[in-house]
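Participant: The following block contains the structure, expressed as structure tokens.
The values are calculated or read from the model by the stated rules, or taken from the named source; none is laboratory data. Given the structure is predicted, the values throughout are model-derived calculations rather than measurements. Cβ placement follows ideal geometry from the backbone for every residue including glycine, while neighbour counts extend to all protein chains displayed.
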Amino acid sequence: MLRIAIDGPAGSGKSTIAKILAKKYGLLYIDTGAMYRFAAYLMLTTNRNLNELVDLLEEKDITFEYKNGEQYLVVKNDDILYLKDELRSIEVTSIVSKVASNKDIRNALTKKQKKIASKNNVVMDGRDIGTVVIPDAEFKFFLNATLNERAKRRYKDFVEKGVKITFDEVLEDIKKRDEMDVKREVAPLKKADDAIEIDTTGLTIEDVVSIIDKIISKAIKQ
Ligand code: DC
């Protein structure tokens, strides 16, 4: 099996790198952040409390699909929901860390993630992939970058999408989310002992892919 775990804080480049690796090695890309964002989205759109939300979440059949080259989180139950931009809204982003700190929500989503990883060759990104979801992954990476660089990247994404937000707001949001993700009791953001850490500050996407590709290619050849 080929399972690649990528963890790291917001804006460290996880999803961009994961998508490239998925294409390169023919892996299924699982954006676990999108699954936590979906939990937050459900909370906002259904007005349920956290307990009711867990039951609802457990019933949902969550997968990922490509449409016109873009990846969507797909929920197939009574009707089919394709979600992408809704999950990255400011409303969802501002409550997702709190939702993701709930033990029962994490249990429900971790179960789904483990199931996908047991049946497929995957590249999965998140905060607890190397530590909790796939502790026996063939490759584990922990991406990092300075807070300022990460905020710059996220700010650029927002500007490109036409979202009205200031750089300082983006920086504050990332800082707050990092703190919550690192300090929470259950499955906090943490480098697995055997993960390879890459500081992506000042590196291009191609630089990071090349570092990871060299490590994987070398190991596969051995
Ligand atoms: O990577 P992201 O910004 O889309 O993640 C959204 C939130 O979900 C983030 O605040 C941390 C949380 N998360 C988590 O707790 N565990 C994961 N495996 C993935 C994301």
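Participant: Take segment 65-80 and flag every residue that is at pLDDT below 95 and more than 13 Å from the ligand (Cβ to nearest atom).
Facilitator: If the condition is that a residue be at pLDDT below 95 and more than 13 Å from the ligand (Cβ to nearest atom), then GLU65, TYR66, LYS67, ASN68, GLY69, GLU70, LYS76, ASN77, ASP78, ASP79, ILE80 are the ones that fit.
Participant: Let me ask you something else. Conditions first: (1) at pLDDT below 95; (2) surrounded by fewer than 16 Cβ atoms within 10 Å (Cβ to Cβ); (3) in a helix (DSSP H, G or I). VAL163 passes all but one, so which condition is the exception?
Facilitator: VAL163 satisfies all of (1) at pLDDT below 95; (2) surrounded by fewer than 16 Cβ atoms within 10 Å (Cβ to Cβ); (3) in a helix (DSSP H, G or I) except (3).
Participant: Just the residues that are over 18 Å from PHE141 (Cα atoms) and either of a type in the set (Phe, Trp, Tyr) or surrounded by fewer than 13 Cβ atoms within 10 Å (Cβ to Cβ) (or both), please, taken from segment 180-201.
Facilitator: LYS183, GLU185
Participant: State all residues of segment 1-16 that are under 14 Å from GLN71 (Cβ atoms) and surrounded by 24 or more Cβ atoms within 10 Å (Cβ to Cβ); if no residue qualifies, say none.
Facilitator: Across segment 1-16, the qualifying residue is only LYS14.
Participant: Before we move on, is VAL132 modelled with pLDDT of 95 or more and either part of a helix (DSSP H, G or I) or surrounded by 13 or more Cβ atoms within 10 Å (Cβ to Cβ) (or both)?
Facilitator: So VAL132 fits the description; yes.
Participant: Can you report the number of residues in segment 77-94 which are among the hydrophobic types (A, V, I, L, M, F, W, C) and either under 12 Å from PHE38 (Cβ atoms) or crowded, with 16+ Cβ neighbours inside 10 Å (or both)?
Facilitator: 4
Participant: Further, regarding this structure: Restricting the search to segment 1-27, which residues are of a type in the set (A, V, I, L, M, F, W, C) and modelled with pLDDT of 95 or more?
Facilitator: Correct list: LEU2, ILE4, ALA5, ILE6, ILE17, ALA18, ILE20, LEU21, ALA22, LEU27.
Participant: Looking at segment 188-208, I want the residues that are among the hydroxyl-bearing types (Ser, Thr, Tyr) and have a partner that is surrounded by fewer than 17 Cβ atoms within 10 Å (Cβ to Cβ) with Cβ atoms under 9 Å, at least 6 apart or on another chain. Which pairs are those?
Facilitator: Qualifying pairs under 9 Å: THR200/ASP207; THR201/THR146; THR201/ASN148.
Participant: Being within 12 Å of the ligand (Cβ to nearest atom), more than 15 Å from the chain's Cα centre (by Cα) and touching a residue at least 40 places away in the same chain (Cβ under 8 Å) narrows it down to one residue among ARG127, ARG154, ARG106, ARG184; which is it?
Facilitator: ARG184
Participant: Follow-up. Which of the residues belonging to segment 29-55 are surrounded by fewer than 16 Cβ atoms within 10 Å (Cβ to Cβ), touching a residue at least 12 places away in the same chain (Cβ under 8 Å) and either hydroxyl-bearing (Ser, Thr, Tyr) or away from the ligand (no atom under 16 Å from the Cβ) (or both)?
Facilitator: Listed by number, the list holds a single entry, ASN51.
Participant: Right, next: Output the number of residues of segment 1-19 satisfying the condition of being in a loop (DSSP other than H, G, I, E, B) and among the aliphatic types (A, V, I, L, M).
Facilitator: Selection size over segment 1-19: 3.
Participant: State whether the residues of segment 173-181 include one that is out of contact with any Phe, Trp or Tyr (no Cβ under 8 Å at 6 or more places or on another chain) and not in a helix (DSSP H, G or I).
Facilitator: no
Participant: Would you mind finding the one in VAL99, VAL170 that is of a type outside the set (Ser, Thr, Tyr) and touching a Lys or Arg at 6+ places or on another chain (Cβ under 6 Å)?
Facilitator: VAL170
Participant: Sticking with this one: What tally of residues in segment 95-111 results from selecting those that are farther than 15 Å from ARG127 by Cβ, crowded, with 18+ Cβ neighbours inside 10 Å and modelled with pLDDT under 95?
Facilitator: Residues that pass the stated criteria total 0.
Participant: For LYS114, indicate whether it is within 13 Å of the ligand (Cβ to nearest atom), of a type outside the set (S, T, N, Q), closer than 22 Å to GLN71 by Cβ and surrounded by fewer than 20 Cβ atoms within 10 Å (Cβ to Cβ).
Facilitator: Taking the combined requirement at face value, the residue satisfies it.
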